């Protein structure tokens with residue numbers, strides 16, 4: 001009985017060893033499967049890269065042809081743009097319209113050239129399918145670049161207008177200056193202090209624009225006042241005669257002088273005359289007219305009053321009498 005007791009323990013040890021021996025091959029199989037999976041992924045990547053390289057090598061002739069076509073398109077775009085601009089100049093068009101013609105000609109050549117290049121690089125893509133794809137994509141692009149296209153169309157319409165030209169002096173919603181350039185997106189204004197203001201074309205298209213230099217001559221206006229004790233008719237005739245004698249005032253158009261209002265300290269006259277429409281002409285003529293009027297009124301003894309007030313007291317004010325100073 002004592003010799004049979006250890007037999008169950010030995011049997012258990014033998015059973016555990018057998019289970020471990022059976023489990024050992026399964027772990028090895030898992031390692032082999034993992035290594036095999038990694039090898040298959042690497043092989044797939046290598047095959048993909050090799051396929052891409054073969055496709056690139058096969059497409060090299062098409063890419064070379066496309067590059068040559070792009071060079072030809074660039075040369076054609078420059079030549080067609082130059083010819084279109086010269087044709088517009090010979091037709092006597094404005095500078096802004098000449099620039100628009102050159103730009104549209106260049107853009108048109110590039111669009112056709114890029115479509116041709118796309119069909120060369122992707123032979124399976126037909127011109128019709130490419131145009132259809134561009135039509136669908138243009139909707140999304142239009143929403144994304146709404147402001148850009150708005151300014152583009154406004155620029156085209158501004159260039160087609162006959163009123164606003166390069167060199168005109170304009171005022172629009174607090175922005176003013178001489179138009180130096182009109183592009184398809186923005187307009188450049190040179191201010192009198194020599195700064196450049198860049199204005200989006202849509203701003204000029206949506207808002208009223210005052211073109212100061214639309215005509216060569218422009219009417220100018222100032223207000224001149226004389227004291228109430230001055231003969232009103234004499235003052236008006238004197239001012240009118242003085243303005244008519246100014247060198248920078250257009251003698252072919254009438255000078256107008258009207259008694260406009262009873263001012264706080266003077267009778268105010270509105271003085272109107274015609275002179276050049278450029279800002280420098282305006283400043284020079286105003287300077288001459290104002291100096292001449294001042295000199296004429298001074299020579300005639302006419303007072304140009306400054307604002308003053310007359311104080312009237314209902315009751316007499318007591319005056320304080322100053323007594324003798326204390327000598328002590």
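The values are calculated or read from the model by the stated rules, or taken from the named source; none is laboratory data. Quick caveat: nothing in here was measured; it's all calculated off a predicted structure. For neighbour counting, all protein chains shown are included, and Cβ atoms are generated from backbone atoms with ideal geometry for every residue, glycine included.
Of note:
- Only one of the numbered conditions (1) at pLDDT below 80; (2) in a helix (DSSP H, G or I) is violated by residue 124, and that is (2).
- Yes/no for residue 100 being at pLDDT below 80 and touching a helix residue (DSSP H, G or I) at 6+ places or on another chain (Cβ under 6 Å): yes
- Which listed residue is farther than 30 Å from residue 183 by Cα, touching a strand residue (DSSP E or B) at 6+ places or on another chain (Cβ under 9 Å) and part of a helix (DSSP H, G or I), from 236, 292, 219, 272: 236
- Those residues of segment 280-328 which are surrounded by 14 or more Cβ atoms within 10 Å (Cβ to Cβ) and at pLDDT below 90, in sequence order: 305
- Segment 75-87, subset without any contact (Cβ under 8 Å) to a residue 12 or more places away in the chain and under 11 Å from residue 109 (Cα atoms), residue surrounded by the fewest Cβ atoms within 10 Å (Cβ to Cβ): 75
- Within segment 219-243, the set of residues being closer than 23 Å to residue 277 by Cα and exposed (fewer than 14 other Cβ atoms within 10 Å of the Cβ) comprises 219, 221, 223, 241.
- When residue 148 is tested against (1) modelled with pLDDT of 90 or more; (2) out of contact with any helix residue (DSSP H, G or I) (no Cβ under 8 Å at 6 or more places or on another chain); (3) under 21 Å from residue 103 (Cα atoms), exactly one condition is not met: (1).
- Taken together, the residues in segment 174-201 that are modelled with pLDDT under 90 and touching a helix residue (DSSP H, G or I) at 6+ places or on another chain (Cβ under 7 Å) amount to 7.
- Residue in segment 255-267 that is nearest to the chain's Cα centre (by Cα), counting only those that are closer than 11 Å to residue 236 by Cα and crowded, with 17+ Cβ neighbours inside 10 Å: 257
- Selection from segment 159-172 of residues that are exposed (fewer than 15 other Cβ atoms within 10 Å of the Cβ) and at pLDDT 90 or above: 171
- Out of 107, 57, 69, sole residue that is free of Cβ contacts under 8 Å to residues at least 12 places away in the same chain and in contact with a helix residue (DSSP H, G or I) (Cβ under 9 Å, 6 or more places away or on another chain): 107
- Matching residues in segment 254-269 - criterion: being farther than 19 Å from residue 229 by Cβ and either outside the structural domain of residue 243 (by TED's automatic domain parsing) or part of a strand (DSSP E or B) (or both): 256, 257, 258
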